[in-house]
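I have placed the structure first, in the form of structure tokens, so that the comments after it can refer back to it.
None of the figures in this text is laboratory data; all of them are computed from the coordinates on show. Just so it is clear, the structure is predicted and the values come from calculations on it, not from any experiment. Cβ placement follows ideal geometry from the backbone for every residue including glycine, while neighbour counts extend to all protein chains displayed.
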Amino acid sequence: MALISKASFEKITKERNNVHEPVKATFTTFVDGDKKYFQIDTYGSDSRKMKEKISQSIQVDKDMALELIKTISKEFDIEVFYKL
């Protein structure tokens, strides 16, 4: 499980990249104390023995969610139509 924060989020350049096999993913939101979190869970690929077991979980809070929206919008040249 990983909680991503703005302080630890930076762009890098990699020599090699490849497209991964699509897998099932789910999301949930929850509140802990006074903060709301968004969590994405990914599951095993079709070739994995335990397909329904969570492979990775990534969590972001509101500040990081806004940072992701801004970054993804910029990288894909998407105009965001709502107030950030």
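What's the exposure ranking of 78, 4, going from fewest to most Cβ atoms within 10 Å?
Values: 78 10, 4 15.
Result, fewest neighbours first: 78, 4.
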Identify which of 13, 71, 42 has the largest mean-square fluctuation in a Gaussian network model of the chain, with springs joining Cα atoms closer than 10 Å.
13
For residue 34 and residue 79 in one chain, what is 0.36 nm times their gap in residues minus the Cα-Cα distance, to one decimal in nm?
13.1 nm
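Report the relative contact order of the chain, percent, no decimals, based on alpha-carbon pairs under 8 angstrom and at least 6 residues apart.
On the way: 98 pairs, mean separation 23.7, N = 84.
Across the chain, relative contact order equals 28 percent.
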Which listed residue (44, 19, 8) has the Cα farthest towards the positive end of the charge dipole for the chain, taking +1 on Lys and Arg C-beta and -1 on Asp and Glu C-beta about the Cα centre?
44
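Once the piece of chain linking residue 48 and residue 69 is laid out straight, how much longer is it, given 0.36 nm per residue of separation minus the C-alpha distance between them? Working shown, then result.
Numbers: separation 21, 0.36 × 21 = 7.56 nm, distance 3.15 nm.
Extra length available between residue 48 and residue 69 comes to 4.4 nm.
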If eta is 0.890 mPa s and T is 25 °C, what Stokes-Einstein diffusion coefficient results for the chain, Kirkwood Rh from Cα pairs, in µm²/s?
163
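Test of understanding: ordering 50, 64 by Cβ neighbours within 10 Å, fewest first, what list do you get?
On the way: 50 9, 64 20.
If I rank by nearby Cβ atoms, fewest first, I get 50, 64.
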Using a 10 Å cut-off around each Cβ, can you sort 30, 38, 76 from fewest to most neighbouring Cβ atoms?
76, 30, 38
For every helix of n ≥ 4 consecutive DSSP H residues, a contribution of -39,500 (n - 2.57) applies; sum these over the chain, divide by its total residues, and give [θ] at 222 nm rounded to the nearest 500 deg cm²/dmol.
-5500 deg cm²/dmol
